[in-house]
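The structure appears right after this line, and notes come after that.
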Amino acid sequence: MTMMNDGISDSWSRRRLVRLLAASSAAASPWPAALANSGPAELFVISTLYSRHKLAPNYGLPALRRVVEAVKPDALVLDVTPTELRTRKVWPGKIEYLELIFPYLDATGAKAYASEPDEPLFTELSGGAGRAYKAFGDGNPVGAKALDALKAAAYQALAAGWASAADVNSERTDRMIAGLRELEEGLVGGEVGRLQEQWDRHHAERLLEVLREAQRGRRVLMLVGIESRYRVLEALKAAGGPEPVPTERWLRERGL
């Protein structure tokens with residue numbers, strides 16, 4: 001998931017994350033050479049939109065449901081906190097969890113893991129980012145209003161151009177989201193980049209933990225906010241983890 005809600009957006013430097021994880025993996029890679037390429041599990045990393053699913057005609061909750069049912073995961077890594085997963089009480093914007101994912105878990109018995117940080121780290125990171133965005137809005141209200149309008153227009157344009165789930169989970173979409181995020185971080189400044197970097201490192205590290213425990217031949221599905229997917233993929237590559245299934249191609253082959 002992303003660290004901010006729709007009104008307080010999340011932005012950070014993907015290049016710093018890649019360098020940090022690359023250095024970490026070079027020092028002590030958790031992946032034996034025999035597993036580095038094949039991996040113990042078949043991995044899918046799929047974008048979610050939270051409340052924006054309502055604004056994407058071709059990637060609403062029914063489309064996401066078809067994707068999850070096509071993958072048939074044995075385990076899911078979810079961008080919720082451990083408390084949210086345990087209590088099934090999530091931030092209201094996470095509509096896919098209440099309406100789709102939690103019922104899917106109950107129906108199938110698939111195992112689920114939380115990839116967001118728990119307290120006190122959750123408040124430390126999200127609170128710090130929230131203060132940075134407030135300072136930006138107070139110091140540059142015109143710029144803050146323009147940034148909100150830009151993001152709203154960008155997602156409206158993306159949704160209008162998405163014809164399928166494959167389009168959402170494409171390298172082209174990842175590149176556009178990455179550019180939007182870098183622009184946002186540059187405008188807001190402050191500690192936002194560092195805080196978001198730490199937040200998304202937690203996503204990636206939690207996924208790596210789950211993959212290390214997964215049995216060979218099992219399917220693991222990570223659902224993560226669209227503004228984080230491209231960074232998770234970069235982090236996996238930098239850490240020498242298993243290569244995910246090529247999502248766009250896999251979805252197109254199945255007409256999704």
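Within the stretch 106-146, take every residue that is open to solvent by 50 Å² or more (accessible area, probe 1.4 Å) and of a type in the set (A, V, I, L, M) and give me the one that is nearest to residue 80 (Cα to Cα). Out of the qualifying residues, it is 107. Scanning the stretch 123-139 for residues that are touching a residue at least 40 places away in the same chain (Cβ under 8 Å) and out of contact with any Asp or Glu (no Cβ under 9 Å at 6 or more places or on another chain) turns up 125, 126, 130, 133, 135, 136. Given the residues 192, 168, 220, which is the only one that is crowded, with 20+ Cβ neighbours inside 10 Å, modelled with pLDDT of 95 or more and within 19 Å of the chain's Cα centre (by Cα)? Exactly one of 192, 168, 220 is crowded, with 20+ Cβ neighbours inside 10 Å, modelled with pLDDT of 95 or more and within 19 Å of the chain's Cα centre (by Cα), namely 168. Taking the stretch 73-104 as the range and being in contact with a Leu (Cβ under 9 Å, 6 or more places away or on another chain) and over 30 Å from residue 124 (Cα atoms) as the test, the residues that pass are 73, 74, 104. Within the stretch 245-256, the set of residues being open to solvent by 30 Å² or more (accessible area, probe 1.4 Å) and part of a loop (DSSP other than H, G, I, E, B) comprises 246, 254, 255, 256.
Considering the conditions (1) at pLDDT 95 or above; (2) within 25 Å of residue 149 (Cβ to Cβ), residue 251 is excluded by exactly one of them, (2). Identify, please: which residue in the stretch 223-244 is at pLDDT below 90 and part of a loop (DSSP other than H, G, I, E, B) and is, among those, farthest from residue 91 (Cα to Cα)? Going through the qualifying residues, I end up with 240. Taking residues in the stretch 88-109 that are over 13 Å from residue 75 (Cα atoms) and free of Cβ contacts under 8 Å to residues at least 12 places away in the same chain, and partners anywhere that are aromatic (Phe, Trp, Tyr) and assigned to a helix (DSSP H, G or I), the pairs with Cβ atoms closer than 8 Å and at least 6 places apart or on different chains are 90/97. Quick check on the stretch 227-237. Is at least one of its residues open to solvent by 60 Å² or more (accessible area, probe 1.4 Å) and not hydroxyl-bearing (Ser, Thr, Tyr)? The answer is yes; a qualifying residue exists. For the stretch 53-60, state whether one or more residues are free of Cβ contacts under 8 Å to residues at least 60 places away in the same chain, under 19 Å from the mean Cα position of the chain (by Cα) and over 25 Å from residue 159 (Cβ atoms). No, the stretch 53-60 contains no residue that is free of Cβ contacts under 8 Å to residues at least 60 places away in the same chain, under 19 Å from the mean Cα position of the chain (by Cα) and over 25 Å from residue 159 (Cβ atoms). Answer with yes or no whether residue 201 is in contact (Cβ under 8 Å) with a residue 40 or more places away in the chain, within 22 Å of residue 133 (Cβ to Cβ) and either part of a loop (DSSP other than H, G, I, E, B) or open to solvent by 20 Å² or more (accessible area, probe 1.4 Å) (or both). Yes; evaluated as a whole, the condition is true for this residue.
Restricting attention to the stretch 68-103, the residues that are among the acidic types (Asp, Glu), under 19 Å from residue 118 (Cβ atoms) and in a loop (DSSP other than H, G, I, E, B) add up to 1. Tallying residues that are of a type in the set (Gly, Ala, Ser), open to solvent by 20 Å² or more (accessible area, probe 1.4 Å) and touching a residue at least 40 places away in the same chain (Cβ under 8 Å) within the stretch 147-163 yields 1. If you go through the stretch 171-189 and keep only what is surrounded by fewer than 17 Cβ atoms within 10 Å (Cβ to Cβ) and closer than 18 Å to residue 237 by Cβ, you end up with 171, 175, 178.
Residues that are open to solvent by 10 Å² or more (accessible area, probe 1.4 Å), out of contact with any Pro (no Cβ under 7 Å at 6 or more places or on another chain) and more than 18 Å from residue 50 (Cβ to Cβ) do not occur anywhere in the stretch 91-100.
The values are calculated or read from the model by the stated rules, or taken from the named source; none is laboratory data. Predicted model only: the values in this text are computed from it and were never measured. Using ideal geometry, Cβ is built from the backbone for each residue, glycine included, and neighbour counts are taken over all protein chains shown. For the accessible areas, the whole protein counts, side chains as well, though only heavy atoms, and no ligand, DNA or RNA atoms are used. Shrake-Rupley method; radii C 1.70, N 1.55, O 1.52, S 1.80 Å.
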